[in-house]
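Working notes, beginning with the structure itself.
The values are calculated or read from the model by the stated rules, or taken from the named source; none is laboratory data. As the structure is a computational prediction, the values presented were derived from the model and not from experiment. As a convention, Cβ positions derive from the backbone with ideal geometry for all residues, glycine included, and neighbour counts pool all protein chains shown.
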Ligand code: HPA
């Protein structure tokens with residue numbers, strides 16, 4: 001089964017991937033964020049897609065998630081490991097820590113969030129009780145633990161609309177709702193993968209304390225410097241996970 005990595009902020013390219021070809025794919029939902037990059041990683045074929053496009057030009061609410069996922073499906077991808085930068089809501093989540101979430105609360109709006117929404121298409125209600133593929137989550141978690149990497153093996157991902165960061169009161173509400181991490185790109189990507197029958201799990205990289213959690217304002221410069229370290233860790237984990245899939 002072909003594996004895809006969708007990279008987010010801080011992981012615009014995947015070092016360690018020996019690139020064999022790039023493919024520009026068009027879908028009935030439009031163009032994906034960029035070409036699909038095929039290559040070898042840890043002895044396996046892997047496809048990489050940069051969610052925010054070349055030069056980080058596509059903000060979270062304008063990513064064509066449907067085209068990205070359809071392009072993956074057309075390319076024969078069977079499973080996706082998504083990499084997402086997040087703010088940490090709960091106090092025990094340190095910057096540059098990795099979280100493998102097991103739940104989602106979706107606060108996004110006005111995004112093209114389903115393949116079953118057209119007036120002509122079939123109506124289909126898809127089960128999403130457990131939004132991430134548990135077997136894939138387990139492989140990532142076990143690989144990390146067996147290699148002495150410190151990760152948080154569960155979490156509830158709050159998906160926000162962006163591109164602004166949240167207010168302190170919004171983060172308080174999300175915490176009351178049960179969310180532990182917050183980011184702008186986790187949805188609708190996860191449900192679209194489910195609708196297409198693709199395995200999907202996320203490695204969330206904590207780049208900052210969420211709004212109102214550190215006393216400071218949120219600084220993009222700080223996020224970017226933390227992300228560099230977090231992404232190095234993520235890349236190392238992916239290289240270990242790939243041969244075990
Ligand atoms: N909020 C939303 N998205 C994010 C954050 C945050 O604090 N940090 C990184 N992505």
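For segment 91-102, a residue qualifies if it is at pLDDT below 95 and in contact with a helix residue (DSSP H, G or I) (Cβ under 9 Å, 6 or more places away or on another chain), and the qualifying residues are 95, 96, 97. Considering segment 192-207, the residues that are surrounded by fewer than 23 Cβ atoms within 10 Å (Cβ to Cβ) and touching a strand residue (DSSP E or B) at 6+ places or on another chain (Cβ under 8 Å) include one that is nearest to residue 233 (Cα to Cα), namely 199. Quick check on residue 215: is it farther than 30 Å from residue 115 by Cβ, away from the ligand (no atom under 13 Å from the Cβ) and modelled with pLDDT under 95? Taking the combined requirement at face value, the residue satisfies it. For segment 151-160, the criterion of being modelled with pLDDT of 95 or more, within 14 Å of the ligand (Cβ to nearest atom), surrounded by fewer than 17 Cβ atoms within 10 Å (Cβ to Cβ) and under 19 Å from the mean Cα position of the chain (by Cα) is met by no residue. A count restricted to segment 192-245 and to residues that are free of Cβ contacts under 8 Å to residues at least 12 places away in the same chain and over 26 Å from residue 69 (Cβ atoms) stands at 9. All but one of (1) within 15 Å of the ligand (Cβ to nearest atom); (2) without any contact (Cβ under 8 Å) to a residue 60 or more places away in the chain; (3) in contact with a strand residue (DSSP E or B) (Cβ under 7 Å, 6 or more places away or on another chain) hold for residue 104; which doesn't? It is condition (2) that residue 104 fails.
From (1) part of a loop (DSSP other than H, G, I, E, B); (2) in contact with a helix residue (DSSP H, G or I) (Cβ under 8 Å, 6 or more places away or on another chain); (3) more than 16 Å from the ligand (Cβ to nearest atom), pick out the condition that doesn't hold for residue 121. Unmet for residue 121, out of (1) part of a loop (DSSP other than H, G, I, E, B); (2) in contact with a helix residue (DSSP H, G or I) (Cβ under 8 Å, 6 or more places away or on another chain); (3) more than 16 Å from the ligand (Cβ to nearest atom): (2). Evaluate the following for residue 169: is it crowded, with 22+ Cβ neighbours inside 10 Å, farther than 19 Å from residue 245 by Cβ and either modelled with pLDDT of 95 or more or within 13 Å of the ligand (Cβ to nearest atom) (or both)? Taking the combined requirement at face value, the residue does not satisfy it.
For residue 148, the test of being exposed (fewer than 12 other Cβ atoms within 10 Å of the Cβ) and either more than 13 Å from the ligand (Cβ to nearest atom) or assigned to a loop (DSSP other than H, G, I, E, B) (or both) is passed. Residues in segment 132-145 that are under 16 Å from the mean Cα position of the chain (by Cα) and either within 12 Å of residue 99 (Cβ to Cβ) or in a strand (DSSP E or B) (or both): 132, 137, 140, 141.
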